[in-house]
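First comes the structure, then the notes that go with it.
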Amino acid sequence: MPRLIQPKCVTVINVLKDGIWNAVLMAYAVWWALVFGFAISAVVQAWVPRGSVERAMGAEGWGAIGRATGLGAASSSCSYAAIAIGKSLFQKGASAISALAFQFASTNLVWELGLVLWTLIGWQFAIGEFVGGLIMIVLMAVTFRVFVSPRLEDYARRHAQAADSGHQHQSAESEHSRWRSRLRSVEAWSDVALNFRGDVQMLYREIGIGFLLAGFIGLLGNGFFEALFLQSAPAPIRVIENVLIGPLIAVASFVCSVGNVPLAAVLWSGGLSFAGVMAFIFADLIVLPILAIYRKYYGLTFAVRITALMYATMVVAGLLVAGLFASVGALPTTRPSRSDLFGSVRLDYTLVLNIIGVVIFVALFGLTMRRGVKDPVCGMTVDRSRALRAEIDGTTYYFCSETCRTTFTNEGGPSGHGDRTRHAHPAQTAIDPVCEMRVDPATAFSAGVDGITYYFCAEYCRELFVGNPAVFVAKTPRGGD
């Protein structure tokens with residue numbers, strides 16, 4: 001007689017199935033935005049000359065901020081793609097204020113996000129998203145220097161230029177070549193494709209984990225969310241508590257801009273106030289995987305400062321948007337049912353855009369096969385026509401950097417490496433205790449504390465360490481481990 005599956009097993013299987021399916025639906029909703037966003041980032045990295053970016057966005061005036069806002073509004077709505085483009089703009093000379101304005105605009109002032117919000121939750125949330133995005137940009141620009149000094153901004157730029165995932169982005173062959181010529185050039189599109197593939201390889205793990213966690217969070221019942229919010233306190237206290245906790249829920253949800261709309265609906269149906277839901281929606285730029293990316297791009301100190309800045313602007317913007325809607329009697333009152341929270345795969349504009357996204361993805365990856373070759377040390381795909389190379393026993397090997405080439409030749413060539421997938425480093429390296437970058441002791445800044453010598457990537461890191469070494473010593477491995 002066949003053995004019956006126990007009810008608890010059935011429950012676990014159903015939860016796993018439903019959580020994974022939610023994750024698939026969220027990924028389906030934003031797939032096209034991810035592809036479009038990373039493609040735009042790749043074009044910026046490959047074709048936009050540094051001088052042009054500096055002239056357009058390098059200043060801290062409102063003109064540069066306005067141009068960054070317009071560029072963001074015309075870009076992808078995906079948070080991951082927005083920070084990838086923001087990083088490339090920052091690397092090329094845009095001010096940090098302009099780069100952050102771009103990120104806020106890219107995740108709040110785009111039509112596709114507004115359409116999804118309007119359809120799923122209501123027009124008030126769509127309009128609130130646009131108004132709140134502008135408010136956050138103004139608040140960020142006004143208060144930026146309270147959080148970030150010019151010196152820290154300069155350090156973060158150098159960190160971003162040095163910490164580009166171990167590979168070198170392909171730049172335009174000539175800063176003076178015409179865009180029309182690039183559009184017709186297979187070589188120029190190959191540059192774009194190699195940048196596209198490099199960014200995807202760098203971030204796909206963080207994105208995948210984010211979708212999975214968000215899928216399972218979406219299974220939690222309304223009672224769980226209601227327990228997070230004050231129910232009996234006076235209305236002003238409830239609104240303030242909601243707007244403070246909304247972004248914190250977003251931090252734990254791991255999901256980017258379009259994908260967090262279903263979770264916003266969960267919170268709205270579960271009792272979170274309009275201000276709290278808006279603050280939650282605004283907070284897609286500080287979810288945990290993105291915080292890890294900020295640290296990777298800019299260093300720990302800058303990442304902490306801009307996270308605090310963004311959290312503050314999101315909370316204040318949520319309160320101001322709710323106040324504006326209340327003043328004109330437009331606060332929403334209808335809450336959706338749970339059946340409205342997650343969409344489905346059907347014939348609509350999302351399906352069409354996703355098909356286009358697949359075509360772009362395949363085409364760009366296909367272009368990397370034309371000129372791309374694998375670095376035998378770190379596994380990155382590099383352009384064989386521009387990469388560093390070494391010839392051993394009649395075979396030519398290609399490398400993303402001098403570090404990889406030196407490591408390869410010093411450690412036995414192909415017999416010492418095989419098919420590695422992780423970036424290797426020379427044996428003689430140290431770890432900067434502040435930003436945790438690997439540095440060469442022979443050329444790095446240094447400081448001695450309690451008889452131990454520590455090494456740093458920049459003077460700024462050394463000064464931070466010397467000012468309070470106890471903060472950094474305990475968490476830092478020594479040597480090249």
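The values are calculated or read from the model by the stated rules, or taken from the named source; none is laboratory data. This one's a predicted model, so the numbers in the text were calculated from it and none came from an experiment. Using ideal geometry, Cβ is built from the backbone for each residue, glycine included, and neighbour counts are taken over all protein chains shown. Areas reflect the complete protein model, heavy atoms only, side chains present, ligands, DNA and RNA absent. Shrake-Rupley method; radii C 1.70, N 1.55, O 1.52, S 1.80 Å.
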What pairs come out if I take residues in the stretch 446-457 that are outside any strand (DSSP E or B) and pair them with residues that are surrounded by 11 or more Cβ atoms within 10 Å (Cβ to Cβ) whose C-beta lies under 6 Å away, six or more apart or interchain? Cys457/Asp432; Cys457/Met437; Cys457/Val439
Looking at Arg386, Arg371, which one is within 30 Å of Gly37 (Cα to Cα), modelled with pLDDT under 70 and surrounded by fewer than 19 Cβ atoms within 10 Å (Cβ to Cβ)? Arg386
Name the single residue that is modelled with the lowest pLDDT among those in the stretch 393-427 being basic (Lys, Arg) and surrounded by 14 or more Cβ atoms within 10 Å (Cβ to Cβ). Arg420
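Here's the yes/no breakdown for (1) at pLDDT below 70; (2) farther than 29 Å from Ser344 by Cβ; (3) among the hydrophobic types (A, V, I, L, M, F, W, C):
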site	(1), (2), (3)
Ser185	no, yes, no
Val192	no, yes, yes
Gly208	no, no, no
Ala214	yes, no, yes
Which count do you get for residues in the stretch 97-121 that are at pLDDT 80 or above and assigned to a helix (DSSP H, G or I)? 12
Members of the stretch 142-162 found to be aliphatic (A, V, I, L, M), under 20 Å from the mean Cα position of the chain (by Cα) and open to solvent by 20 Å² or more (accessible area, probe 1.4 Å), listed by number: Ala162
Residue under evaluation Leu139, criteria (1) modelled with pLDDT of 90 or more; (2) surrounded by fewer than 16 Cβ atoms within 10 Å (Cβ to Cβ), criterion not met: (2)
Can you say whether Ala283 is within 20 Å of the chain's Cα centre (by Cα), closer than 26 Å to Leu230 by Cβ and open to solvent by 20 Å² or more (accessible area, probe 1.4 Å), as far as the supplied structure shows? no
Identify the residue in the stretch 428-453 that is closer than 24 Å to Ala292 by Cα and open to solvent by less than 30 Å² (accessible area, probe 1.4 Å) and, among all such residues, is modelled with the lowest pLDDT. Cys435
Answer yes or no: is there a residue in the stretch 75-96 that is at pLDDT 85 or above, part of a helix (DSSP H, G or I), of a type outside the set (Phe, Trp, Tyr) and touching a Lys or Arg at 6+ places or on another chain (Cβ under 9 Å). yes
Looking only at the stretch 37-54, decide whether some residue is assigned to a helix (DSSP H, G or I), modelled with pLDDT of 75 or more and more than 30 Å from Pro150 (Cα to Cα). yes
Assess whether Gln124 counts as being buried (at least 22 other Cβ atoms within 10 Å of the Cβ) and at pLDDT 80 or above. no
